[in-house]
1. Before we move on, is residue 340 out of contact with any helix residue (DSSP H, G or I) (no Cβ under 6 Å at 6 or more places or on another chain), outside any helix (DSSP H, G or I) and at pLDDT 85 or above?
2. Among residues belonging to region 1-27 that are more than 40 Å from the chain's Cα centre (by Cα) and in contact (Cβ under 8 Å) with a residue 40 or more places away in the chain, point out the one that is nearest to residue 107 (Cα to Cα).
3. Kindly check whether there is at least one residue in region 270-293 that is modelled with pLDDT under 90 and assigned to a strand (DSSP E or B).
4. Given the conditions (1) modelled with pLDDT under 85; (2) over 18 Å from residue 43 (Cα atoms); (3) surrounded by fewer than 16 Cβ atoms within 10 Å (Cβ to Cβ), and given that residue 107 satisfies all but one, which numbered condition is not satisfied?
5. Pick from region 162-181 the residues that are touching a strand residue (DSSP E or B) at 6+ places or on another chain (Cβ under 7 Å) and under 20 Å from residue 263 (Cα atoms): which of them is modelled with the lowest pLDDT?
6. Here are some residues: 30, 91. Which one is part of a strand (DSSP E or B) and within 41 Å of the chain's Cα centre (by Cα)?
7. Test residue 258 against the stated conditions and say whether it is under 29 Å from residue 174 (Cα atoms) and without any contact (Cβ under 8 Å) to a residue 24 or more places away in the chain.
8. Give the residue that is modelled with the highest pLDDT, with candidates limited to residues of region 430-459 that are in a loop (DSSP other than H, G, I, E, B) and over 22 Å from residue 316 (Cβ atoms).
């Protein structure tokens, strides 16, 4: 890896030499200039990772140089230095975009700390831009984010079913994004100009749900002072999304079956059949087959709903997507709350990858919103901004419990541990097998054999 390059612009020869020696001893590449004009020329030629810029320069002062640097590259990290520091100077330099301000005389440790912080900021910005670009170009489907193999399969299936009229059943744990998938299917369908109507079957009292879905006529029950359209009528020509369909009463299930079969229904208390053209997308976080066995869900309705099934993986089954999701949420909430960019520290990404996220994508989304809102003005997201219970709920501890409960053999446990190590190394190496082999300390051929044996797929 190339050493970070730093441009030092200072008209004092002794000061340039002192700074140059200090930085080179720390392993940095150093470029020096004695005037603002010379500094700008070298900046354009070399494009350094960071600039140390004296405020008081002959002819062209530091603030003027700073502004010209930003015209060339607005993302450059510039640290101002001056022996004639004042609050006004510091404020002006900061407003102009300087990362920090150091006064002469300074301690070596102080300067090095500011430089390292500045370089870290640049690294984070570059990485976040890369992630953002990758996100936009390759791994989205109507605002759904994912590059993992399970999510790519979901995207393929969504693209296939979206143009069709068929009923869709979406399965997945709470928080996996079932409604988002339903919206994406609707938005990519020929019904996209029609209404998308969502109803959480579990949140509406059972005695009110029938009226909510199918409407009612005046006088149908106490309090029905006027006729009311149901959600199926409102969704005519569009899509209705029935979340938590497994919570429907058997009576409501029978009426839903009639709508699917006959494309018509009656309002509560009504005698008129109302025809509708509605695509039904249902979702469940419970096992409907088990519900059928327990006589809690109609078999005929299940087979009507289960024309095309989309099974959403939990976040712990698609950990490769966590960096992309975290970046997506960081950018979204930064923009929504008028906050700085939401820069993800590498240590944060590592900790997020270790969590098992029982609340799935919804939990990660909430955690990222909290971090962005509480982040400092620099926009850097550091571990201290995240709840302890999230960062401490590592997959290792949970898997150990699972092993104890399920009686997993030592052989299987070792196999799983080895697989996790290899996947982690591959992720660090951006899925480059040769680099991953170096990280693991094995030959590439050995790693290739292990990938086949452990069934590790390279994206």
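The values are calculated or read from the model by the stated rules, or taken from the named source; none is laboratory data. Keep in mind that what you see is a predicted model, and the values were worked out from it rather than measured. Heads up, the Cβs are rebuilt from the backbone with ideal geometry, glycines too, and the neighbour counts pull from every protein chain shown.
1. Working: out of contact with any helix residue (DSSP H, G or I) (no Cβ under 6 Å at 6 or more places or on another chain): yes; outside any helix (DSSP H, G or I): yes; at pLDDT 85 or above: no.
So residue 340 fails the test.
2. At the first step, the residues of region 1-27 found to be more than 40 Å from the chain's Cα centre (by Cα) are 10-21.
With the extra rule that they be in contact (Cβ under 8 Å) with a residue 40 or more places away in the chain, the set shrinks to 10-12, 15, 19.
Working: 10: 17, 11: 19, 12: 17, 15: 13, 19: 11 Å.
Taking the candidates together, the pick is 19.
3. No: zero hits.
4. Result: residue 107 fails condition (1) only.
5. Looking only at region 162-181, we keep the residues that are touching a strand residue (DSSP E or B) at 6+ places or on another chain (Cβ under 7 Å), and these are 165-172, 177-181.
From the residues that got through so far, the ones that are under 20 Å from residue 263 (Cα atoms) too are 165-169.
Values: 165: 88, 166: 91, 167: 94, 168: 96, 169: 97.
Among them, the one singled out is 165.
6. Details: 91 fails: part of a strand (DSSP E or B).
The conditions single out 30.
7. Details: under 29 Å from residue 174 (Cα atoms): yes; without any contact (Cβ under 8 Å) to a residue 24 or more places away in the chain: yes.
Answer is yes for this residue.
8. To start, the set of residues in region 430-459 that are in a loop (DSSP other than H, G, I, E, B) comprises 430-432, 441-443, 454-459.
Imposing the further condition that a residue be over 22 Å from residue 316 (Cβ atoms) reduces the set to 432, 441-443.
Working: 432: 82, 441: 66, 442: 70, 443: 72.
Per the stated criteria, the residue is 432.
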